[in-house]
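**Q** Following this message is one structure expressed as structure tokens.
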Amino acid sequence: LQKILILLQVTLSVVVGKTLMVLFPDAMKRYILKMGEKSRMNQNPKFSYENWGPTFFSFKYLQFVLKVKWKRLEDEAYEGQPAPNTPVVTLGGEVRHVLDFMKDNRPLILNFGSCT
């Protein structure tokens, strides 16, 4: 049911976005560039709007957003339910899953941090 709701939401968003791109191309370009500022996408002089702007609200965009949102559903944790077996990358660059690190009946402790 959640996947169907996400499909409907994303599809509606893409249809509305594509329609607005056709009806109001200049306004949508400004809107997309504003979104690009948040991700700093448009700070790279070799990566112009013409390279990435028109891909917004395309079928490939729809597929990508659905893939990401559906994957996030699998990664959600709920109280009283088994933990999701989320993929992680080791320091050596190997892709493993969190539950691969479980040993016997010992609790698995995840420590998150960042260096800035």
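The values are calculated or read from the model by the stated rules, or taken from the named source; none is laboratory data. Since this is a predicted model, take the numbers as computed values, not measurements. Glycine gets a Cβ as well: all are built from the backbone with ideal geometry, and neighbour counts include every protein chain shown. Calculation scope for accessible area: heavy atoms of the full protein, side chains included, ligands and nucleic acids excluded. Shrake-Rupley method; radii C 1.70, N 1.55, O 1.52, S 1.80 Å.
**Q** Output the residues belonging to region 26-45 that are under 16 Å from Phe57 (Cβ atoms), open to solvent by 100 Å² or more (accessible area, probe 1.4 Å) and either of a type in the set (Asp, Glu) or under 16 Å from the mean Cα position of the chain (by Cα) (or both).
**A** Selection gives Asp26 alone.
**Q** Those residues that are in a helix (DSSP H, G or I) and surrounded by 14 or more Cβ atoms within 10 Å (Cβ to Cβ), I need them from region 58-72; list them, please. Give the derivation first.
**A** Residues of region 58-72 in a helix (DSSP H, G or I): 59-72.
Listed by number, the residues that qualify are Tyr61, Leu62, Val65, Leu66, Lys69, Trp70.
**Q** Here's something else I'd like to know. Here are some conditions: (1) touching a Pro at 6+ places or on another chain (Cβ under 7 Å); (2) surrounded by 13 or more Cβ atoms within 10 Å (Cβ to Cβ). Asp75 meets all but one. Which one does it not meet?
**A** (2)
**Q** Between Ala77, Ala83, which is at pLDDT below 85 and in contact with a Leu (Cβ under 8 Å, 6 or more places away or on another chain)? Outline the logic, then answer.
**A** Details: Ala77 fails: in contact with a Leu (Cβ under 8 Å, 6 or more places away or on another chain).
Within the list Ala77, Ala83, the selection yields Ala83.
**Q** Just the residues that are modelled with pLDDT of 85 or more and not in a helix (DSSP H, G or I), please, taken from region 10-55.
**A** Phe24
**Q** When you go through (1) exposed (fewer than 10 other Cβ atoms within 10 Å of the Cβ); (2) assigned to a strand (DSSP E or B) one by one for Asn111, which number turns out not to apply?
**A** Going through (1) exposed (fewer than 10 other Cβ atoms within 10 Å of the Cβ); (2) assigned to a strand (DSSP E or B) one by one, Asn111 breaks only (2).
**Q** Go through region 78-108 and give me each residue that's closer than 27 Å to Lys3 by Cβ and open to solvent by 90 Å² or more (accessible area, probe 1.4 Å). Explain how you work it out, then say what you get.
**A** Within region 78-108, the first condition is being closer than 27 Å to Lys3 by Cβ, and the residues that meet it are 78-89, 95-100.
Once the filter is applied, which keeps residues that are closer than 27 Å to Lys3 by Cβ and open to solvent by 90 Å² or more (accessible area, probe 1.4 Å), region 78-108 yields Tyr78, Glu79, Gln81, Pro82, Val89, Val95.
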